[in-house]
1. Where in segment 190-270 are there strands (runs of 3 or more DSSP E), lying fully within it, with 1 or more residues that are hydrophobic (A, V, I, L, M, F, W, C), open to solvent by 30 Å² or more (accessible area, probe 1.4 Å) and at pLDDT below 90?
2. Look at Gly452 and say whether it is under 30 Å from Leu292 (Cβ atoms), open to solvent by less than 40 Å² (accessible area, probe 1.4 Å) and free of Cβ contacts under 8 Å to residues at least 60 places away in the same chain.
3. Go over the candidates Arg101, Arg117 one by one and state the one that is among the charged types (D, E, K, R) and touching a residue at least 24 places away in the same chain (Cβ under 8 Å).
4. For Lys55, work out the one condition from (1) surrounded by fewer than 13 Cβ atoms within 10 Å (Cβ to Cβ); (2) more than 30 Å from Ala137 (Cα to Cα); (3) of a type outside the set (Gly, Ala, Ser) it doesn't fulfil.
5. Within segment 511-525, track down each residue that is closer than 30 Å to Val320 by Cβ and open to solvent by 90 Å² or more (accessible area, probe 1.4 Å).
6. Among the residues that make up segment 370-379, is at least one of them part of a strand (DSSP E or B) and buried (at least 20 other Cβ atoms within 10 Å of the Cβ)?
7. Give all pairs with beta carbons closer than 7 Å in which a residue from segment 121-137 that is among the aliphatic types (A, V, I, L, M) meets a residue that is in a loop (DSSP other than H, G, I, E, B) and buried (at least 16 other Cβ atoms within 10 Å of the Cβ); count only pairs at least 6 apart in sequence or on separate chains.
8. Among the residues of segment 275-306, write down those that are under 19 Å from Gly368 (Cβ atoms) and not polar (S, T, N, Q).
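The values are calculated or read from the model by the stated rules, or taken from the named source; none is laboratory data. Quick caveat, the model's predicted, so the values are computed rather than measured. Don't worry about glycine lacking a Cβ; one is built from the backbone with ideal geometry, like all the others, and counts go over all protein chains shown. The area values use the complete protein model at the heavy-atom level, side chains included, leaving out ligands, DNA and RNA. Shrake-Rupley method; radii C 1.70, N 1.55, O 1.52, S 1.80 Å.
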Amino acid sequence: MDWDFYPAKSGVNESEAYRREARNRNLVWDNILTYKKEFFKDHRLDVIGLFSIQKDTHQGSAMRGDGLPYDSDWHAIQTADEIRDVSSYYWESALNSYMLRANYSMWDKYILTFTGRYDGTSRLKEGNQWGFMPSLAFGWQIKNERFLKDFDAINSLKLRISYGRSGNNNIGHDITWTKLDLSRYTFGDSGTNGFGLGGAKGNDDLKWEMTSEHNIGLDFGFFNNRISGSIDVYSRTTNDLIFNKAVGSVNGFNSIYENIGTTTNKGIEIGLNTVNISNQDFYWKSKFSFSLNRNKIKDLYGDKKDDLGNRWFIGQPINVIYDLKQIGIWQESEAEEAALYGQSVGHIKVEDVNGDYNLDQQDYQIVGSPNPDWMAGMVNTFSYKNIDLSFDMYARIGGLYNDSFAYTFTAWDNEHWNKADVNYWTPDNQSNDYQEVGAQSYNTQVLGQVSGTFVKIQNITLGYSLNDKMNKFLGLNNSRIYGSVQNPFTFSDYIGSDPEIIGEDLNTQLSLFPMTFTLGVNLNF
């Protein structure tokens, strides 16, 4: 149970009180049955059965009172001159699950796993509530084969191949409903409640969004596991995606959820652990990760055609930036050409795709996608006698974002606002990056298109551990003094505070990643 209230305006203005109540209940009942059997020689069978029930219930209410006669918090809210903002809600959802999993292994070399899952959700209408999700996986312990068993340089080598299908139940509890919105208006001498269609239309035909994945992976360890890690290559295909499709408001609503088309995701993930140096006094190990993913729309409505209204394009990622493309700033040598577009020197220059000297939506193109080309991270740990040092790096390379911070402080209201310190065009500095300060330039939205590339040193920690003799003298088992700094270095062309906020809405969200210093002592008695 959650309560939230406050009195306000307790000075000259009339006082007010606000009360909000919310109650959330989650019930889960799991039943698990296991069976294990070993037979013949080196053959094992493990079977797990699951039956699960989950139900969520959410309810709450709120009200506000203006003009309280005395200080009573919200306990006498009924004595207020006016009670307003009265609201309440109630909704519930349920999920039933049946699952059977069987693992079969032979000679510690071959492992076969089959899983079947059958889920039913109340968030979809009857007839579409149930989805079947099977998976099959095969593992081969190559190291245990006779031809590698005595090969000491290889400590472990395992091949994994799998296929599986999963369903997406992460949808609103009410997206199949067409709801009425409440509107209050005056009729005669009294107020009246009116009801009309809301902005979104429900869809009784919605069904499970299903993703099928093929995966092949290799786990390895070499040279007494001084080099170990894994490589995974995957291909995912998602059918019947649940999208909120925009439609013309002439229909009486603005959007409708539909199962739309097919998308694919293909990528690779690499994890690598290395012990680079290991001797009596000095130790250095590294941990490296790398990931790359490419997603694209394979089909939408069965006709292999784009949906321009929703900015969905066959063969492109789901989310793209479809806009004019900046190609520089109009320079003094281009004054005559700029005039053909009704522009002048120092203004933003965008690409005229069809060459008709009229910049409009016919010149829009896909200029990028907010999906990085690849991401990587590395953690290095060093120790020399009693001193230890570690630092970790993170890189996100590629991707184009519409960023409200960059737009606001380089383009919006260019004549009056203070702007970011960037490479603006001036007669003495004829750059190709940003328009002339004070210029009432057209197509300024392109200045909000920023690269997502950055490299960060996220954490550096330096520590010193007292030796056994000193710990014994102090009556300690062990002790360590350390200092650390978070977010000490960032390498990026982003003009904002931190490249990890790229794409956030400046008006509603602005995350902070400050540089933080910490000193600490660990004592174990």
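1. Counting at least 1 such residues, we get 190-197, 227-246.
2. Here the answer is no, as Gly452 does not meet what is asked.
3. Criteria check complete, one pass: Arg101.
4. (1)
5. Residue satisfying the conditions is Leu512 alone.
6. no
7. Matching pairs, first to second residue: Leu124/Thr176; Leu124/Leu206; Leu124/Lys207.
8. Leu292, Arg294, Lys296, Ile297, Asp306, listed by residue number.
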